[in-house]
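Below you'll find the structure, written out as structure tokens, and then a few comments.
The values are calculated or read from the model by the stated rules, or taken from the named source; none is laboratory data. Source: prediction; values computed, not measured. Because the Cβ atoms are built from the backbone with ideal geometry, glycine has one as well, and the counts that use them run over all protein chains shown.
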Ligand SMILES: Cc1ncc(COP(=O)(O)O)c(CN[C@@](C)(CC(=O)O)C(=O)O)c1O
């Protein structure tokens, strides 16, 4: 009996499905501003020079042994310094439970499973909108989801008042998912003062903040600056969780290198939490992949390679910032009747254009431009070669 006969085809992933459609399109004019993967000004994927150099140093010397269930200790150590600070007292006091994860997705999922196992009646507040996969992750971890106001469509900015109301009205001790920087898909981040108010209110309510930091360094070009929200929460004495990823800021997409950390009250608790995170990993994938972790620890463990990385991540961020200006200026030069200032006010990989799904469909059908139906444009796909074509098409479908 074929028990699988009732299995239905899965719906296309709203983000990865766009790439499939792009690849299938034979048009020479096609433009992919869908998936958030960096491209250089020739529209080509980039492998950073610091990564190539790390690989040269590793080549031939790397063993194929299992990593511990918690992954590479060296990579995790270096990764915690990025999030918590080089001289973090939390690192010194060994209060952070941390394990290598399968990139940012894996870190979020491991946390969601940990939350379900050790806070079984809890739920999580997720911003509207958010990265589409967040909903899948906490759904499959069987953690009920609530939403909190985030994006303000009229102003194309942050709905701060409504966000604060939601923080205040949620039951004490609720879990809140926060994007540390470069909010996906809106590109709208709270200001430093707004972060301080959010941190204060979350502390008053005893909520648990979980930061998804998938773009550290990619937003402003400076990893320290992009960690500002996390540092504010740490100064305010929160216990926090953080999902980190090297997919975008080190271009290690397919290597699946990330880290999950939970700040505990003391070393004893951190040891206990880490052991439970390992218990969750063991039946899922047992232990994480070795190569990408070795690339990361080689780069971050060598001052020369680390400074090369810092230069390269700034080049990527600056190129995107330059394309924001170019796209806005092209639209204004075309005499578009709409305001496009949000294109340069938003930050990080994405521009939340405000285009409707129907306008997006028109862009794809008539202009072979591929983006997610929520109107999100991955600015990494914009180049000096296609920005004029893109602006013209956007102007045509929105005027
Ligand atoms: C907010 C956020 N968290 C986590 C991840 C996970 O990335 P990782 O597992 O590869 O480290 C992404 C990637 N979002 C991308 C860039 C790709 C995707 O959808 O998976 C996006 O296009 O939104 C993200 O945008």
- Item | Flag for residue 154 being part of a loop (DSSP other than H, G, I, E, B) and more than 16 Å from the ligand (Cβ to nearest atom) | yes
- Message: Can you go through 117, 56, 109 and tell me which one is assigned to a helix (DSSP H, G or I) and within 16 Å of the ligand (Cβ to nearest atom)?
- Response: 109
- Item | Selection count, segment 217-240, where residues are within 15 Å of the chain's Cα centre (by Cα) and away from the ligand (no atom under 14 Å from the Cβ) | 5
- Item | Tally of residues being assigned to a loop (DSSP other than H, G, I, E, B) and within 15 Å of the ligand (Cβ to nearest atom) across segment 142-151 | 1
- Candidates 326, 317, filtered to the one that is over 18 Å from residue 256 (Cβ atoms), touching a residue at least 24 places away in the same chain (Cβ under 8 Å), crowded, with 22+ Cβ neighbours inside 10 Å and out of contact with any strand residue (DSSP E or B) (no Cβ under 8 Å at 6 or more places or on another chain): 317
- Can we say residue 96 is crowded, with 22+ Cβ neighbours inside 10 Å and away from the ligand (no atom under 16 Å from the Cβ)? yes
- Query: What about residue 134, is it within 11 Å of the ligand (Cβ to nearest atom), under 28 Å from residue 10 (Cβ atoms), part of a helix (DSSP H, G or I) and in contact with a strand residue (DSSP E or B) (Cβ under 9 Å, 6 or more places away or on another chain)?
  - Reply: yes
- So which residues in segment 120-131 are away from the ligand (no atom under 12 Å from the Cβ) and buried (at least 16 other Cβ atoms within 10 Å of the Cβ)? 123, 124, 125
- Message: Test of understanding: among 283, 288, which residue is in contact with a strand residue (DSSP E or B) (Cβ under 6 Å, 6 or more places away or on another chain), more than 11 Å from the ligand (Cβ to nearest atom) and assigned to a loop (DSSP other than H, G, I, E, B)?
- Response: 288
- Message: Return the residues of segment 241-275 that are away from the ligand (no atom under 16 Å from the Cβ) and surrounded by 15 or more Cβ atoms within 10 Å (Cβ to Cβ); say none if nothing qualifies.
- Response: 262, 263, 264, 269, 270, 273, 274
- Message: Looking at (1) closer than 16 Å to residue 291 by Cβ; (2) away from the ligand (no atom under 16 Å from the Cβ); (3) in a helix (DSSP H, G or I), which one does residue 75 not meet, given that it meets all the others?
- Response: (2)
- Task: Scan segment 352-361 and give yes if some residue there is under 21 Å from residue 26 (Cα atoms) and crowded, with 20+ Cβ neighbours inside 10 Å, otherwise no.
- Result: yes
- Message: Of the residues 51, 47, 35, only one is assigned to a loop (DSSP other than H, G, I, E, B), modelled with pLDDT of 95 or more and either within 16 Å of the ligand (Cβ to nearest atom) or out of contact with any strand residue (DSSP E or B) (no Cβ under 7 Å at 6 or more places or on another chain) (or both); which?
- Response: 47
- Message: Condition first: buried (at least 21 other Cβ atoms within 10 Å of the Cβ), at pLDDT 95 or above, within 15 Å of the ligand (Cβ to nearest atom) and on the phi < 0 side of the Ramachandran plot. Can you find one or more residues in segment 83-90 that meet it?
- Response: yes
- Note on the structure: If we keep only residues of segment 203-216 that are in contact (Cβ under 8 Å) with a residue 24 or more places away in the chain and farther than 11 Å from residue 244 by Cβ, then the residue nearest to the ligand (Cβ to nearest atom) is 210
